[in-house]
Amino acid sequence: MNVPTTQGVLDAGARLAAEAARFTSFGWMRGTSGNLSEVVTRDPLRLAVTASGLDKGELTASDVAVVGPDGGPVEVGGIAPLTPSAEAGLHARIAGLTGADAIVHVHALNAVLAGHHWPGGVRLRDVETLKGIGRLAHDDEVVIPVIVNSQDMNELGDRFEAAYDPRTPAVIVADHGLYTWAPTLKRARHVTECVEWLLAYAIAIR
Ligand SMILES: [Zn+2]
């Protein structure tokens, strides 16, 4: 057992704010959409997640909420209680299931377009950039799963669990956006950039 420290949460918040600003500049977090999280403790599971309703290009280190395994807010001394994203429950579910310590959720247009074109999953193979998501550049058929959207995070979490392939660090939520995960936030950034590129490529050559 350990407990999240104020400094640990603020450090995570600073990293989340920096990534959110980067993704906003890419046009992947329009309006106040999307959310990012980092695991701050595993036992019990606690995540720092970007707070709801804020411009993701203007976050500061303290614009985070701490949530437990169900996505509900957990109080940490020295951290102002902000409302976590409504999607925090899915972040916690992904962290628990995949073991990843960083989760990225963006409303990247190419993810929504790809989900529209291939509701049964996006098939990719024989592209060098697949190496960027831990797969092979040749003779490796990769399927990015597509799950049906829901406002109920338990339902969405069940769909995620059913679609999850441990070899593929990304899932598209149809008519909504993209989730990716990795051991670190920087690695999750690289995965997100590569997946978005691969989806743009698949759409362009279809
Ligand atoms: Zn979303």
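The values are calculated or read from the model by the stated rules, or taken from the named source; none is laboratory data. Bear in mind that the values here come from a model prediction, so they are computed numbers and not experimental data. Quick reminder, even Gly has a Cβ in these numbers, built from the backbone with ideal geometry, and neighbours come from all protein chains shown. With ligands, DNA and RNA removed, areas are computed over all heavy atoms of the protein, side chains included. Shrake-Rupley method; radii C 1.70, N 1.55, O 1.52, S 1.80 Å.
Points to keep in mind about this one:
- Accessible area expressed per residue, segment 80-172, with surrounding protein chains retained (probe 1.4 Å, Å²): 45
- Of the complete DSSP H runs in the chain, those spanning 18 angstrom or more by Cα along the long axis with a mean Kyte-Doolittle score not below -0.5 are 6-25, 185-205.
- Candidates ARG46, ARG22, ARG93: whichever shows maximal mean-square fluctuation once the chain is modelled as a Gaussian network with Cα springs under 10 Å: ARG22
- Residues whose amide H falls under 5 Å from that of GLY121, counting only those 5 or more places apart or on a different chain, are VAL146, with hydrogens built in the peptide plane.
- Ellipsoid semi-axes in whole angstrom, largest first, where each is sqrt(5λ) of the Cα gyration tensor of segment 82-163: 25, 16, 12
- Calculated P(r) of the chain - Cα pairs past 25 Å, %: 32
- Fraction of accessible area attributable to carbon and sulfur, the chain (%, probe 1.4 Å): 52
- For ASN149, the residues whose modelled amide H falls within less than 5 Å of its own, excluding neighbours fewer than 5 places apart on the same chain, are ALA174.
- Taking 0.36 nm per residue of sequence separation and removing the Cα-Cα distance, the ALA61/ASP165 pair yields an extension gain of 34.2 nm.
- Rel. contact order, % - alpha carbon contacts under 8 angstrom, at least six apart, segment 81-181: 34
- Contact order relative to length of segment 142-206, as percent, for alpha carbon pairs under 8 angstrom and 6 or more apart: 26
- Test item: Cα-centred dipole of segment 88-136, Lys/Arg +1 and Asp/Glu -1 on Cβ, debye: 120
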